[in-house]
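To start, the structure itself, in structure tokens.
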Amino acid sequence: MFRVVSGSPDDAELAALTAVVAAAASASGGDPAPSAPDLWSHPAALLRAPLHAGPGAWRASGLPR
């Protein structure tokens, strides 16, 4: 269902608009692109190495393992 807000389209213009909208609605987008895995919720994140106190421990706590 369309509503003309301004102007006065004729029947051919409304038919063309209807065809375009119907084609866009029925077109399949295909399979979505695979997304990157969410590493924040990965089970291995629960198995972190313990932090040991000592010189440079604060710096080592922020470095990747």
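Somewhere in the range 48-58, is a residue part of a helix (DSSP H, G or I) and modelled with pLDDT under 80? Checked against the condition, which is being part of a helix (DSSP H, G or I) and modelled with pLDDT under 80, the range 48-58 yields at least one hit.
Kindly establish whether A12 is modelled with pLDDT of 80 or more, surrounded by 10 or more Cβ atoms within 10 Å (Cβ to Cβ) and not in a loop (DSSP other than H, G, I, E, B). The answer is no for A12.
The values are calculated or read from the model by the stated rules, or taken from the named source; none is laboratory data. Note that this is a predicted model, so its numbers are computed, not measured. Neighbour counts are summed over all protein chains in view; Cβ atoms, including those assigned to glycine, are modelled from backbone coordinates with ideal geometry.
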